[in-house]
Structures are given as C-alpha cells and as structure tokens.
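Below: one structure, written as structure tokens.
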Amino acid sequence: MNTTFFEIRHVSKSFPGVKALDDVGFSVAEGEIRALVGENGAGKSTLMKILNGNYKKDEGQILIDGKEVNITDPLVAAANGISIIFQELNLVDELSIAENIYAGRLAKGGKLVDWKTINHQAKELLDRIGFDVDPRTEVGKLTVAGKQMVEIAKALSRDCRIILMDEPSATLTKNELSALFDIIRDLKAKGIAVIYISHRMEEIFEICETATVMRDGRIINTVKVDEVTSDQIVEMMVGREVSSAYPKRKTQPGEEVLRVENLCRKDRKQNISFTLRRGEVLGVAGLVGAGRTEIMRGLFGVDYISSCDVYIHGEKVRINNPAAAKKHGIAFLTEDRKIEGLTLDFTIKANMVMANLPKLRKGLFTSSKVENEIADLYIEKINVKTPSRNQKVGNLSGGNQQKVVIGKWLNADPEILIMDEPTRGIDVGAKREIYEIINELAAQGKSVILISSELPEVLGMSDRVLVVKDDAIVAELTGEDINAVEVMRYAL
C-alpha cells in the first residue's frame, strides 16, 4: 500500500465578499492519481494557487511527510516537490525547450552557462517522458501538447513528488491525450502523485483512481472512481440532479439570414461557402487545426481574407473588420475568453457594456445608472455567480467568465452569434446553462454558429453540421446523417 505523504488540513481562504475555501482537507499517497472535480467557482483554482504559493491561505496547514510547510511563493513550492501545470502554460515561446526547463537555474555562482550539459540534461528528461525532440527547439514552434510535455519535463527537473494538472486535455487531440495518459501512468509507476483537474468525466474514469469532489469551497466527498458512476459524481458536484441529455428546442429554423460565398483565406486555395437560417444552430465540426476557427475569424473581419461575398437577408454587405461585423448584427464569442473576450482587470459591469458603448453614450459620457441596470439584468438573466457587479472579472471562475462574455454580446443584441468553444474548461452545470441560453436565443429568432471540439456537443445541439478539413467545408450534414460516424468519416 502506498504511503500518504501529502496532506492539506483545514485550509480556508476568503476574498472580499466571497469565501473561496472553507475548511478544506484531504491527503494524497505516493503514486496516486487523484481527480479534483467541482463546478467552476467550487474553489479548485484557489486551492491550486495556494499550493503553488500564488495565494496565501488564511487558515490551515499543508504537510509533506508529516511536517508542516509554509509555501510563500512558487519557488518554495518547487523546493518542496510540488509542481503545477496550469491551463495557461507558463512558458516563453522565444526560448528553447532547455532554456524553459532550466529557467532561473542556467548559471550557478556567476559562471557561464554550460549549454552542452544543459541540453544533455534536458534531452534526458524529454527521453524519460517519451518526447523525441531536440531540446534546442524554440518552444513557440511546438503544439500545445508539446508544450505540456515541456511543462512535465520542467516539473521532473525539480525532482517533484506531486504534479497538479489543470485541465490538461482542453486542447489535445485523442492521440495526444492518449500519450499524456501514458506519461501519467509512468509517473505513477515512479511514485509521483498526480492531482488531475478536469470537467471531462470520461477522462477521470479512465486515468484516475480516486476523486475528491468540491462544491462552494468545501470538500463534499472523496470516492474511488470504480465504486461510483459519472452521474453520482456530477450530482455531488452540483448538489442536484443534472440531465446528461442535451436540451431540445421546440422551434424550427426559418428563412436564410446569412449567406457566405467564396470566402478565401490568405495563401489558401479553398473557397468556402455556407448559409445560416433564422433560429438555427449551425454546428461546425472537425479535428483540431482543420481551420474551423480561422474561417469564422475571417468572416468576422478579425483575420485578413483574400475574398468573400457576404449577404445578410439577401443584401450584399462588406465586412472587413469587427466593427463592420457588429454593425451588421454579427457577434463573435472567441475561443480564448481571457485574452480576446474579456478585460480581466475590469469589473463585470465594464465588460458587460463594452460591446455596446456607442448606444449608451450621451455626448462624451455614458450613464452609470444605465450601465448598472444592464449589468444587473444580464447577471440575473444568465446566472453569473458574483457578490457584486463591481467584482473584477479576473476573480471569477472560468464558467462565470464565459457567462460574462456571453452577456457582453447579448447586450449588443446581435442577430447572429458565432460561439467558438463556448463550454471549454467549464463544468457540467454551467454547460447546461449555456446550452439553455443557446436554445433560448434560437427561440427568439437569433442564429448561432457553434464551433466545438466536443463532438457530442455539436451533435446534440445542432440543426445542421458543417464538417471542416484542411481549411475547407467538406460536408454538410442534416437529419439522421448528423452522427459521429459521418462526422469523423469526413473529418478524417
């Protein structure tokens, strides 16, 4: 039986108006693969940041081998064998793999860097995890999966004993995920513990032995995954029964509202054409890198396109930038909410009104009263969990940040809403709420273009599905043809 070496006791943490962690405690054994699950806002990220030294706990203890440790910053965490791989990877694209692995430890005692030794040691680490690449390669040239391998190698270079992985599969292909799981199993065999944070139940049941469930900043239960069902874990997470079925719409798509003809991206030969109807949810499926996002960024005027004819209600319009797209009733909920969708240092209120400021102005100023009313309306309408409209968006959970992005665009009253990975990195409860919002928009006569890497989501929510491969639409599926076999047949 493996020995317990890592323990958290009675840890609490509060922010203004919010108790993020309330008497949290659990222990982890050597070589254990533990899932940490909960809704967005349950306290998982706060706990991670305390273990990494980014936040200071208000109360409680962290013990390693039975001795209390005081983790004041990430260097202290690393010195105690704790490594964390955040969803937003902490690497410098312009530096080599070896430089990233040994950042801050390249030269000792004022001596020159021994690059031969550094590169050799980095190569040994990469070989250890089965990542066959030259350590002198710039990190910016790697895929997301490759960058995760570098983060794991960096953790191993510090003789870590426990690795915390935050949504490691968010942007991985099936093959890349399989390779990651092989590495995790190898870490387990070497006695290294892994805490695996994910909203994907199928991954938890495949790779984890135990699961600790959090809700509202507290530990609800710790269970063996082979003794519970997915639905039981979900019910513990949300405190209520949540249907795994996708909500059904009662309305049918109407007349054509958008027609795109001969969209051609720079340096690409493919001409892309498709239509969108009133009240329709149009799914866009395809493998990662197929060009789904790029097509829609071109349509919205974010990226340069060589040519494109766009018709709104049969009338030809010119869209060469996002402002023109907004003018014609198109909104774009981007894939990366933190960089492109929100201003994290601004309040919920400021973000909510951002996409519609011209309509709120009276002269040079906007009405604070109107801004407050708009923020309160959408906080209630889409169920944003926050103590105040004046809370900084950066302090919200991922699911609530996503809801703020949606609220921002709903306030602009678009006729067409492009949603790129709208449920990535958010929990099952928040997913269900976003699905209901999509259906409500369709019932109101709005039209939604849904891009998602989660095939069940596309199949369950769409009236029609476009399959993208190599920057081209290779199939349009309707009716009974909207199934996983058909989608993958064209995608591959």
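Extension gain GLU68-ASP226, at 0.36 nm per residue separation less the Cα-Cα distance, in nm?
Numbers: separation 158, 0.36 × 158 = 56.88 nm, distance 3.21 nm.
Between GLU68 and ASP226, full extension yields 53.7 nm more.
Of all accessible surface on region 110-172 at a 1.4 Å probe, what whole percent is carbon and sulfur? Before the final figure, lay out each step's value.
Details: 1520 of 3040 Å².
Ligands and nucleic acids excluded, carbon and sulfur reach 50 percent.
If you take the beta carbon distance between VAL76 and LYS327 as r and set R0 to 41 Å, what does 1/(1 + (r/R0)^6) give as a FRET efficiency, to the nearest 0.05? Numbers along the way, then the final one.
Working: r = 52 Å, r/R0 = 1.27.
So the FRET efficiency works out to roughly 0.20.
How much net charge surrounds MET296 when only other residues with a Cβ under 13 Å from its Cβ are counted (Lys, Arg +1; Asp, Glu -1)?
Values: positive: ARG265, ARG292, ARG297; negative: GLU294, ASP303, GLU335, GLU340, ASP420, GLU421, ASP471.
With Lys, Arg at +1 and Asp, Glu at -1, the neighbours total -4.
Put a dot 7 Å past the Cα of HIS10, heading toward its Cβ, do the same for ARG136, and the two dots end up 5.6 nm apart. Could you work out the longest stretch of the chain that avoids the GluC sites (Glu not before Pro) located in DSSP loops with at most 12 other Cβ atoms within 10 Å? For GluC sites (Glu not before Pro) (loop position, at most 12 other Cβ atoms within 10 Å), the longest site-free span of the chain is 256-492. Taking the C-alpha atoms only, the angle from helix 368-381 to the longest principal axis of the chain is near 80 degrees. In this structure, LEU344 and VAL113 have a Cβ-Cβ separation that, at R0 = 45 Å, corresponds to a calculated FRET efficiency of about 0.80. Residue separation of ASP159 and ASP186 scaled by 0.36 nm, minus their Cα-Cα distance, works out to 8.2 nm of gained length. Along the Cα-to-Cβ line of ASN262, 7 Å from the Cα, sits a label point; which residues in region 301-338 have backbone N less than 17 Å from it? The answer is 305-312, 315-320, whose backbone nitrogens lie closer than 17 Å to the label point. Close Lys pairs in region 354-492 (alpha-carbon distance under 15 Å; sequence gap of 8 or more, or different chains): 9.
By its C-alpha gyration tensor, with a ≥ b ≥ c as the square roots of the eigenvalues, how is region 43-124 shaped: rounded for a/c under 1.5, else prolate for a/b larger than b/c, else oblate? Each step should come with its number before you reach the end.
Numbers: a/c = 2.74, a/b = 1.87, b/c = 1.47.
Prolate is the answer for region 43-124, as a/c is 1.5 or above and a/b outweighs b/c.
Taking Cα atoms only, the orientation of helix 398-411 departs from the longest principal axis of the chain by about 20 degrees.
Once the piece of chain linking HIS313 and THR478 is laid out straight, how much longer is it, given 0.36 nm per residue of separation minus the C-alpha distance between them? Show your work: numbers first, answer last.
Working: separation 165, 0.36 × 165 = 59.40 nm, distance 2.22 nm.
My answer for the length gained is 57.2 nm.
Pair-distance distribution P(r) for the chain, from all Cα-Cα distances in 10 Å bins starting at 0: 4, 17, 27, 26, 18, 7, 1, 0 percent. Directionally averaged projected area (region 447-492, Cα convex hull): 3.2 nm². Taking label positions 7 Å along the Cα-Cβ direction at both SER27 and ASP376, the computed distance is 5.0 nm, reported to one decimal. Three principal axis extents of region 203-327 based on alpha-carbon atoms, in descending order, are 58, 37, 24 Å.
For the chain, the solvent-accessible area with a 1.4 angstrom probe is 46 square angstrom per residue.
Show me the three semi-axes of the equivalent ellipsoid for region 369-492, from the C-alpha gyration tensor (sqrt of 5 times each eigenvalue), largest first, rounded to whole Å.
31, 15, 12
So for region 135-219, Kirkwood radius off the Cα pairs, Stokes-Einstein at 10 °C and 1.306 mPa s: how many µm² s⁻¹? Let's see the in-between values first.
Values: Rh = 14.1 Å.
Value of D from the Cα-based Kirkwood radius: 113 µm²/s.
The apolar share of the surface of region 177-237, taken as the fraction of accessible area on carbon and sulfur atoms (1.4 Å probe, ligands and nucleic acids excluded), comes to 45 percent.
If I compute solvent accessible area with a 1.4 Å probe over the protein chains, what percent of it on region 1-104 is carbon and sulfur? Intermediate values should be presented prior to the final figure.
Details: 2200 of 4710 Å².
The value for region 1-104 is 47 percent carbon and sulfur by accessible area.
The values are calculated or read from the model by the stated rules, or taken from the named source; none is laboratory data. Here the structure is a predicted model, which means the values were calculated and not measured. Because the Cβ atoms are built from the backbone with ideal geometry, glycine has one as well, and the counts that use them run over all protein chains shown. Just the protein is used for accessible areas: all its heavy atoms, side chains included, with ligands, DNA and RNA removed. Shrake-Rupley method; radii C 1.70, N 1.55, O 1.52, S 1.80 Å.
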